[in-house]
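**Student:** Let me give you the structure first, and then I'll get to my questions.
The values are calculated or read from the model by the stated rules, or taken from the named source; none is laboratory data. Computed from a prediction, not measured in an experiment: that's the story for all the values here. As a convention, Cβ positions derive from the backbone with ideal geometry for all residues, glycine included, and neighbour counts pool all protein chains shown.
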Amino acid sequence: MMKANKIIKLFKGTVIHSLEIGKVEILPNSLIGIDEEGVIQHMKSNYEDLKQLEKDVSSICINNGIDEKESVIDMGNKFLIPGFIDTHAHAPQYHNAGTGTDLPLLKWLEKYTFPVESKFKDLVFAENVYSKVVDRMLRHGTTTCCYYATIHLEASELLADIVSKRGQRAFIGKVCMDRHSPDHYIESTEQSINNTREFVDRILSKGNELVQPIVTPRFAPSCTNELMEALGKLSQEKQTLIQSHLSENKDEIEWVKSLYPGIESYTHVYKHFNLLNERTIMAHCVHLSEEEIKLISTQQTAISHCPISNFTLSSGNLDVRKVLEANIKLGLGSDISGGYHPSILQVIRDSIKCSNSHYFNNDNHTPLTFEEAFYLATVGGSKVVNLDHRIGNFMIGKDFDAQIIDPFVSNSPFDCFDGETLKDIFQKFIYLGDDRNLSSLYIKGNKIKF
Ligand code: GUN
Ligand code: FE
C-alpha cells in the first residue's frame, strides 16, 4: 500500500493526459494534489458543481494545514499535461543541431559527429554545450531524457551533474566505442569497460534517484565482442537500462552482416551479447525483418522512434503500426542531432507524417492519430524507460512531472477562436505550439526555473 502523505500543493483547472493509446482524456474542472515528495495524492476531475470543487479545495487545505492562497495554483484557461519523455538524444551533438544535414548516417558520423564528440574531453567546452542542451530540453517541456554523452568519463559525469542541478529526470550513458572509430575518438577495450563501470558507480553513489546511469554501446560496429560481452554483464549486475542503435540505415545493416556472418540478424547480434532484454532501448529499428520484430517483442525490448532524424539522414521510415501490433514498448526520440529539433512536439508531428507516408503505399496501414502520438510522447516513453509506475500521466501515486500550457499567451504561435472546444485548442497546441506556450514545468513536484 502506498503511504498517503500530506498534500502541500493543489493544481486546479483543466488536465489533459492519456491512460491508454489513442485516448486522450480532456478533464476540465480538475483538482490534483501533490505531497512534499512530488507524488500525486489526489486527483479528481470533471466537477460539475464548481461550488463542490471549491469546498473540496478548502477542506483539503484545512485537513493538510496549508494556506489556500499560497498552496493552490489556479490554472485559469491554461491546461496541465504530462512532461514529455525523450527516449533518445545525444547531448554533445546539440552543438551541431540544425547543421550537417547533407549526408547519410555513416558519412555523417565521420564528417560531423565524431569530430564534435571528440571535443568533449575538454571540460570547458563540455560544460558550455551540456548546460545549453539541458536548458533547451527543459524549455521544450522534456522532463525525462535518455542522453548519450561521449566516450569521456569526466565529461559524462559533468553532464549528469548539470542534469541533476537543473532537476531533470534522466538516464545518462557514457558512450562505448573501441573499434572502427577515428584515432582521435576511440578508447581501448579495457578503458571502455573500466570507465563504464566507474561511471555507473559514480552516478549511483550520488544518490539522486532522478538521474540514473544507462549502459551505452554506441552500436554493434563500434564495439568489439569483448566489450559487448562485458557491457551485457555489467548491465545485468547493476540492473541498469541499456541503449543503442539498431537497423537505422541500409549500409549500416550490410556492415553488421559482414562483421557477423554467422549471426542471423543485426538484432540477434545484441541478443548474442545479452544486450537485448526488457531493460534495453533500441533507437530507430527502421528496417527490421518480421523475425527481428518478433525477437524484440519476445525480449520485451523497447524501441525509440526518431522520425525527424530518420527523415533528415534519409534513413527510412519506421512502420509504427507493425511495432504497436507486435506489442513492443514504443516511445519518441529527438535523436539530437541526427534529428535537428530538440522539441518532442516536433517529433510528434514527424511521427504522424512518417506514418502517413506508409499509408501512401499501403492501404492497410492505419495512420497514427495525434492522440496516439501524444500517448507515445508521454505514457509510451514512460514504458520505454520502465517507469510507467512513476510517470507518463496523472494517476494517483505517480510523480508529478507536468507542463502548464498557456494557449493564450500574448506571443503564442497560434490563435484560438470563439466556439472552439478544449480538444480543438489542445490539438492546435500539438500541431502549432512551441516553447512560448510553456508557462511552467514541474519535475517530481519541483518547479523548474528558467
Ligand atoms: N549510430 C551510431 N551512432 C549514431 C549517432 O550518433 N546517431 C545516429 N542517429 N545513429 C548512430
Ligand atoms: Fe542516435
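**Student:** Just to verify a result, which residue in segment 256-303, among those that are among the small types (G, A, S) and in contact with a helix residue (DSSP H, G or I) (Cβ under 6 Å, 6 or more places away or on another chain), is nearest to ligand 2 (Cβ to nearest atom)?
**Tutor:** A302
**Student:** Please list, ordered by residue number, the strands (runs of 3 or more DSSP E) wholly in segment 1-112 having 1 or more residues that are in contact with a strand residue (DSSP E or B) (Cβ under 8 Å, 6 or more places away or on another chain) and surrounded by fewer than 20 Cβ atoms within 10 Å (Cβ to Cβ).
**Tutor:** Filter on segment 1-112 gives 7-20, 23-35, 40-44, 72-82.
**Student:** So, D424, is that one modelled with pLDDT of 95 or more and farther than 22 Å from E25 by Cα or not?
**Tutor:** Here the answer is no, as D424 does not meet what is asked.
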